[in-house]
Each structure stands twice: as structure tokens, then as C-alpha cells.
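Notes follow the structure.
The values are calculated or read from the model by the stated rules, or taken from the named source; none is laboratory data. Keep in mind the model is a prediction, meaning the values are calculated, not measured. Glycine gets a Cβ as well: all are built from the backbone with ideal geometry, and neighbour counts include every protein chain shown. These area figures cover heavy atoms from the full protein model, side chains too; ligands, DNA and RNA do not enter into them. Shrake-Rupley method; radii C 1.70, N 1.55, O 1.52, S 1.80 Å.
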Amino acid sequence: GAGVSQSPSNKVTEKGKDVELRCDPISGHTALYWYRQSLGQGLEFLIYFQGNSAPDKSGLPSDRFSAERTGGSVSTLTIQRTQQEDSAVYLCASSLRSQPGLYNSPLHFGNGTRLTVT
Amino acid sequence: DAKTTQPPSMDCAEGRAANLPCNHSTISGNEYVYWYRQIHSQGPQYIIHGLKNNETNEMASLIITEDRKSSTLILPHATLRDTAVYYCIVRVPNNAGNMLTFGGGTRLMVKP
């Protein structure tokens, strides 16, 4: 079946512009995560959605970052007034919630959106 | 989450077994051990996970020591396409959000 799909794969934008990044998770996956990865670095958690619960926004680096998940499926990460330090690969992942209260299902990642702010 | 330590890099000859170690000496009883890998320009790919018992799937085997303080990922017959950064992660199963913390990983280079 189809994996996690992210679009666009590459985005170049000017400093100060807003950008929207899209994630289509695997069908039936109730959990959705956004991470970002700077060049040569590990993954930095941004935000997590699980079903209809309130999202865990604890990783968002500033109020310029926001995310939505409509209908429990597609998610959009929005960065307002982009800065050069926002340049990174933004990765989306989804997973099943295998049992109530347990989250041991593996995450399945998309190939990311490479954002370059000039 | 418990911290993991991995060697920064390893080499392996094509066709030979690649054994990637991971130390997680502060792991707690309900934390699973996960392995992911990341090939250049792609998102991380799930490989395998386990709690106490050794696990095997079509990609790899996971050997967890009896005290659970370390584990080894085994790629039985490494190919050039297995060249990637391999991440060992421990994870609390009821901590849903931020708990996939990726460290530096091991850069595995499979050589012909």
C-alpha cells in the first residue's frame, strides 16, 4: 500500500514569506508526527496528533509554527514569516495505535520536504 | 526516555553480517528498543523493535541482552544498499508524543 506522502518535496522561499507543507499519512493510521532535520543533525520533534485528542505542540520552536490535521487524515504544517534558520528537511510520520494506552507501533516516515529560506 | 549510545561509524564487507551495537544502560522495564535507518535524502525507515526477547524479521535480527542494557542489530548479509545511518532508540509505550528521540546513530558503510 501507499506510504506516507509529503508535498512539495522541495520548497525554496524568501525570508519573511509563509509556507505550507502537506502530509498524507498512511490510511488508517491515527497518529501523525512532524519532525524536522537540519543538515547532518538528528530529528527534532515538532508536533503530534492522535485521533481527536488535543495535539502535543510541545516541540514547536516558536509561534510562527502551527499545524492542523483535518478529518483525522491530512496534515498541514505552516511556517509564517520564514527565517533562514527554518531551513531544514521537514519529516512527517504516522503510526497505528495498536492498543488503547499503548504506542508501541513503529512510525512510518515520508521522505520529507526540503525547505530552503533565502 | 533512556539515552542510547552507538559508535559513530562502522564498515562492513558486502555479503558479510553487519553487527551494530547499542548501549541503553538506563533503560526501564517498560521501554522498547527500536531500530530505524536513514538512507541519504530519504526519511527514516523502521527496521525492527523488541522488548525482552530476540526478534527477527525480513530485514534484520535484534538481539537484546538479558539485562536489557544493550542490544545488537544484525543485518545477516549486508548489501551496498544497506549503507545508511542506523538509529537505536528506546521508547516508553505509553508516552505518545515526543518520545522518538534520535541520537547521532551509526553510519554504516558497506563496501564491495
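List of remarks:
- Screening B:THR26, B:THR72, B:THR65, B:THR56 for residues that are over 22 Å from A:GLY112 (Cβ atoms), at pLDDT 90 or above and open to solvent by 60 Å² or more (accessible area, probe 1.4 Å) leaves exactly one candidate, B:THR56.
- A:GLY59, sole failed condition from (1) modelled with pLDDT under 95; (2) in contact with a Leu (Cβ under 6 Å, 6 or more places away or on another chain); (3) open to solvent by 20 Å² or more (accessible area, probe 1.4 Å): (3)
- Residue pairs whose Cβ atoms lie under 6 Å apart, separated by 6 or more positions or on different chains, with the first residue in the range B:63-91 and more than 19 Å from B:ALA17 (Cα to Cα) and within 14 Å of chain A (Cβ to nearest Cβ) and the second not in a loop (DSSP other than H, G, I, E, B) and not charged (D, E, K, R), are B:ILE89/B:TYR34; B:VAL90/B:VAL33; B:ARG91/B:TYR32; B:ARG91/B:TYR34.
- For the residues A:SER75, A:SER53, the requirement of being at pLDDT below 95 and either under 12 Å from A:ALA31 (Cα atoms) or aliphatic (A, V, I, L, M) (or both) singles out A:SER53.
- When the test is whether a residue is out of contact with any Asp or Glu (no Cβ under 8 Å at 6 or more places or on another chain) and at pLDDT below 95, A:GLN99 passes it.
- Listed by position, the strands (runs of 3 or more DSSP E) enclosed by the range A:1-116 include none that has at least 3 residues that are more than 16 Å from the chain's Cα centre (by Cα) and in contact (Cβ under 8 Å) with a residue 60 or more places away in the chain.
- Matching residues in the range A:35-49 - criterion: being open to solvent by 20 Å² or more (accessible area, probe 1.4 Å) and in contact with a strand residue (DSSP E or B) (Cβ under 6 Å, 6 or more places away or on another chain): A:ARG36, A:GLN37, A:SER38, A:GLU44
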